[in-house]
1. In vacuo Debye scattering of segment B:82-206, one point per C-alpha: log10 I(q)/I(0) at q = 0.13, 0.16, 0.23 Å⁻¹?
2. Tell me, what is the FRET efficiency for B:Val31 and A:Asn150 to the nearest 0.05, using R0 = 30 angstrom and their Cβ-Cβ distance as r?
3. Return, ordered by residue number, the residues of segment A:342-364 whose backbone nitrogen is under 17 Å from a label point located 7 Å along Cα→Cβ of A:Ser401.
4. Taking all pairs of different Cα atoms in segment A:387-546, averaging 1/r and flipping that mean, what Kirkwood radius in angstroms comes out?
5. For peptide B:49-62, compute the average count of partner chain beta-carbon atoms within 10 Å of each residue's beta-carbon.
6. Across bins of 10 angstrom width beginning at 0, how are the C-alpha pair distances of segment A:49-166 distributed, in whole percent?
7. Quick check: pseudo-label points 7 Å beyond the Cα along Cα→Cβ at A:Lys523 and A:Asn28, how many nm apart are they?
8. Compute the FRET efficiency between B:Asn185 and A:Asn315 as 1/(1 + (r/R0)^6), taking r as their Cβ-Cβ distance and R0 = 51 Å, and round to the nearest 0.05.
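Each reported figure results from applying straightforward, stated rules to the coordinates on display, with no laboratory input. Values in this document were obtained by computation on a predicted structure and should not be read as measured data. Neighbour counts run over all protein chains shown; Cβ positions are idealised from the backbone, glycine included.
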Amino acid sequence: MPNYTSKILGNSVSALTAQQALIANTSNNIANVNTPGYTRREIALLNRVDATSIHSNFTFGSGVEVGTIRRITSSFLESAVRDAASRQGMANIANDYLGRIESMFSLTGPQQTIGSTLNDFFSAVNTVAVNPSSIDDRLVLLQRGEDLVNAIQTTYNTIARTQTELDYQVPQEIAQINEYTKQIASLNDLIQRRKGSNIPAIDEEDQRNALLAKLAEKITYSSYEMENGMMNVSLANGFPLVAGTTSRSLDYTYTPSFGGATLPPSLEGRTLGYIVYNFGSEGSPSHLDLTKTIKGGMGSLGGILQLRGYADATNTSAFEADGELVAIATRIEALTRSLLTEVNEAYLGPDEDTATAGLQSSAGDLAGNPPDVFGLFDFDYSGVKDSDGDGVPSAADLLASGMSHFSSYLRFAVTDPQRFAAARDNDTTEGAVAFPSGDGQNAAAIGALKQEVRTFTSAGFSLTGTFDELYSSTVNFVGATKSKAETDVAVAKAAQVSAQSKRDELSAVSLDEEFANLIKYQKAFQASARIIKTASEILDQLVALI
Amino acid sequence: MTRISETQFTRSLIEHTANNKARVDKYSEQVATGIKAALPSDSTDAGVIARYKQQLDRIDGYMTTISRVKSYVQFQDDALNQMDELILRAKEIASQGANESLTPSARAFLAEEVFQIRDQVVGLGNSSYQGRFVYGGADDDDAPFDATVYDEPATGPASVKYEFDAELGTSQLRPVHITDDITVNINTPGADVFGTTIEALERLGRSLGGYATEPASGAPDGSGAAYTFPTDYTKQTADIKYTIDLLNRARDEDILPERTMLGGKMRRLETAEALLNLSKTSAQEVLSKIQNADETESVANLTQAQTALQASYSVTAKALRLTIMDYI
């Protein structure tokens with residue numbers, strides 16, 4: 001007679017074990033309900049095959065067996081989450097930093113912007129033109145000149161400083177990226193070995209997934225899982241960051257092997273670093289420039305680089321680099337250069353004595369002295385400013401100084417109210433000058449410059465218009481850039497919420513579900529226990545027959 | 001069937017609440033400040049706003065200039081107003097003095113008042129506004145009328161000869177921009193306004209006082225001897241009569257046209273001011289439309305956002321309390 005009792009007991013014991021395993025898995029899922037990136041797990045149960053048939057005509061089965069444990073995940077949804085995180089990382093950087101810049105171009109309030117100080121300055125010049133001998137009006141003009149210079153310096157320096165700060169952030173980001181890729185490579189190793197021995201590597205895969213998500217917040221990459229379970233990670237240009245069990249560390253350098261003796265200056269006059277991979281040794285590096293590739297992608301590092309800008313190693317000017325910060329700074333620098341050249345030149349007036357070489361100023365201050373070459377707006381520079389000695393402040397003179405930018409070094413040259421040259425020469429004889437104290441012709445000529453159309457240039461930037469138009473176009477540019485960043489943040493956020501939501505819909509833990517399962521498993525456990533009791537009673541009755 | 005996980009559920013509740021809170025924040029700021037475009041990114045018209053603000057600043061600058069120029073022109077008009085009365089009085093004295101029934105000594109009595117009038121006119125010509133000589137042209141730190149002397153007499157008011165300063169710049173006109181396109185000359189050289197009057201008064205005073213002024217017509221050169229009576233009595237009468245012509249000429253050719261011109265300047269200034277006010281108003285209107293928040297709209301939006309926020313608080317509080325554990 002076939003031994004049904006042992007069959008019953010065997011089946012029930014297997015069920016007790018299986019239900020316990022299921023409850024254990026549920027408890028793990030519940031424990032990780034708030035763990036970020038945790039993927040819920042499911043245990044696959046298998047009905048055990050009846051190897052030794054008790055009855056020739058049919059089989060009962062041999063109970064239940066705990067099969068594999070499985071992560072409920074979709075690589076498509078996971079990569080959508082990573083893409084969204086990447087996009088958000090980039091958008092946040094642009095939005096945060098541009099917000100700081102934008103406040104320098106405020107449309108309201110008491111804050112002195114370049115626009116308001118420019119107006120105040122020209123108004124003060126016009127007032128002096130009306131009443132040239134008034135010391136009070138001249139003092140106001142001096143203050144307004146200082147204000148304008150301060151506004152330009154503060155705005156430019158804030159932008160330039162921001163570029164430097166962004167540049168300083170790059171090595172920190174790279175250090176983290178290197179750490180992540182290193183960990184991914186070592187997890188690859190573990191996963192490969194476990195899979196080779198047919199052991200599931202669920203926790204390792206979860207950890208690797210979390211690392212990939214973190215990496216996506218930093219940069220854009222493409223990943224590919226090989227058959228042995230290892231994940232390869234590479235940049236958009238195909239450069240591998242993780243290949244199987246090895247990772248490649250990125251470097252940040254200010255002395256790239258592909259650069260010449262002098263690298264282009266940054267907005268602050270320093271240099272911008274390059275993200276490289278060193279194929280050579282530490283002593284004799286051979287750098288591969290990856291900056292542009294990473295800048296082309298998203299993630300916080302992509303965002304940092306896009307905002308900071310990329311300077312080609314062969315550039316000569318800080319303003320040839322790309323990026324929004326450089327574009328804004330270029331406009332301000334164009335204004336500065338116009339003040340230093342054209343406005344200063346107008347301040348000197350027409351050539352008083354054409355017979356003598358060089359420009360002889362026909363403007364004069366209250367004491368009748370002509371102004372210096374950079375007499376109204378000056379810059380801090382210890383060398384010879386009028387390098388060609390022609391008495392005219394020109395773009396060539398600025399270039400000859402070799403300075404990378406002038407906005408930070410701009411100075412209002414008039415410090416003594418008497419010294420402002422409001423008058424023009426009243427003596428028509430060449431070589432002889434006379435400046436009546438109440439003459440405001442020179443001041444009036446400066447005042448009229450505000451409405452004059454001119455061409456503002458600086459590196460690749462050129463705008464033909466008035467000072468007002470240059471400023472308002474800059475405000476427009478800043479507004480549009482910031483507004484785009486805000487839209488990007490909103491879009492990225494929406495994309496991130498939607499991707500995360502889709503991912504969580506599939507992979508995150510639902511307490512309702514787990515509790516329902518818990519009850520289901522508990523009931524099954526109770527039922528199996530009850531069957532053991534029944535089998536025991538059957539045995540008892542059989543024994544009683546003896 | 002959609003599966004809703006715990007994190008998904010709480011996240012969406014938090015997101016909605018945060019979004020509603022952000023909206024309340026945005027609209028309450030709009031209501032509090034009355035401005036919807038405070039930063040360039042708040043409006044696609046940021047550049048336009050900046051342009052209008054600059055235009056308004058420029059208008060304000062011109063308005064200040066105009067008010068200063070107006071008070072300057074008013075000052076000159078007041079000075080000329082006094083001139084009218086002084087010339088009238090001088091003419092009365094001249095007519096009286098020209099009467100041949102008067103003896104030379106009776107005429108000499110009249111001279112004193114004439115010189116007082118002359119000094120007053122010179123005072124007006126040398127008047128200063130905020131410490132600067134109004135009629136000095138560009139050379140406004142120097143009194144335009146300087147005192148020199150006649151050959152005769154050696155002392156007394158008749159010996160003083162006032163001359164317009166011939167330095168460079170004294171005859172210069174000072175143009176001032178009162179709008180982008182309109183300029184106004186804010187001054188007239190002193191010689192054009194007071195020159196003839198001073199000359200007439202000096203000639204009159206000297207004649208009445210008994211001294212000839214040479215040449216008999218044209219600018220005096222500083223010479224002129226005492227009349228010999230009775231021989232020169234007729235010449236004295238003729239000289240006095242000549243000054244009446246001169247005074248009439250000064251009034252008709254210098255003072256009246258100058259006053260008319262000042263009136264014209266004042267009207268131009270007022271027209272310019274009115275035009276600037278108009279463009280200021282229209283610029284402010286446009287600016288207000290694009291930069292200021294519509295109060296009704298902002299308040300309505302705020303109320304709506306507040307209601308939504310309250311709703312999300314209430315929903316969040318209720319939904320988060322729900323758990324299957326209470327039912328098992």
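1. Relative scattering, expressed as log10 I(q)/I(0), comes to -0.59, -0.81, -1.28.
2. 0.35
3. Hits in segment A:342-364 for A:Ser401 at 17 Å: A:342-348.
4. The Cα-based Kirkwood calculation yields 26.1 Å.
5. Per residue, the number of nearby Cβ atoms from other chains is 6 on average.
6. Taking all Cα pairs of segment A:49-166, the binned fractions are 11, 19, 15, 12, 9, 7, 6, 6, 5, 4, 3, 2, 0 percent.
7. Going from the A:Lys523 label point to the A:Asn28 one covers 2.5 nm.
8. 0.45
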